[in-house]
Each structure stands twice: as structure tokens, then as C-alpha cells.
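Accompanying notes for the structure given below.
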Amino acid sequence: MGHLTLKGPITQERLHQIIRRSGAIRAGATIEPEQRMKQYEYDGYSGAMYYSKTQNMKAAEDKLFEIRVPPENVHTKSNAPSEPGYVYVIVGERVITGGGDSSWWSWCIIL
């Protein structure tokens, strides 16, 4: 289990600056940043989860993916609804454990 610090809301321009950095490992859209953060902590993410309010989650997430698709993202296009909500970027690391084997995925945090 990881530990994330929720940081926001910040401007989308600032979020765009953050996703360009090498420490950005995941991005997405959500209606409830706090709940999403808890799920990512359970999945082993640690670091900071930056978020920004948007009137169109789909368009805002697609804009993030135009700038850079982080290594932990499977999708390269948004599957979020075109509704108000939040977009986020996680900067940090992820520890995956299971079956007696551990894999460390880690990136430099540069802020």
C-alpha cells in the first residue's frame, strides 16, 4: 500500500507543466479526487496527486495525453464522459507486490 498527498485544486496550466516532468507516472479524470487517490494508494502508488477542476473531463484528459502519456497509463485517449469533474497527474512511484515477488517501478521526482 502506498501513500499519496492530494494537492489542489491547481490550474490546468500548472497541471500541464507537471505532466511534462519525468516524475509524472499516471494521469486521468475523476469526479471524486479523494476517492480516486485512496484507490491508487491501495494499488501501491506513493507521491503526490495533483488535480484541477474542469468543465469537460474528456477534453481535459485528452489534452494531458496530447502533452505526454505517462508510463502507467494504458489508454492514450480519454474514456471519461464530457462532464464537469477533475483531471489529475500522479508524480512519484509505484510498488507492486504479490506472490512473494516484488517489482519496484520508480521515477525521479523533479518538482
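Couple of notes before you dig in:
- Remark: relative contact order (the chain) = 38 percent; criterion is Cα-Cα distance under 8 angstrom and separation of 6 or more residues.
- Globularity index of the chain is 1.01 (Cα radius of gyration / 2.2 N^0.38 Å, N = number of residues).
- CD proxy at 222 nm, helix term only [per DSSP H run n ≥ 4: -39500 (n - 2.57); per residue of the chain; nearest 500]: -7500 deg cm²/dmol
- Label zone at A59, where the point sits 7 Å out along the Cα-to-Cβ direction: the stretch 1-29 residues whose backbone N lies under 15 Å: 12-13
- Cα-projected label distance for N79 with H3, points at 7 Å along beta-carbon direction, nm: 3.3 nm
- The lysines within cross-link reach of K77, meaning a Cα-to-Cα straight distance under 16 Å and a gap of 8 or more places when in the same chain, are K58, K63.
All of the numbers you see were taken from the coordinates with simple rules; none came from a lab. The structure displayed is predicted, hence computed values, not measured ones. Note that each Cβ is placed from the backbone with ideal geometry, even for glycine, and that neighbours are counted across all protein chains shown.
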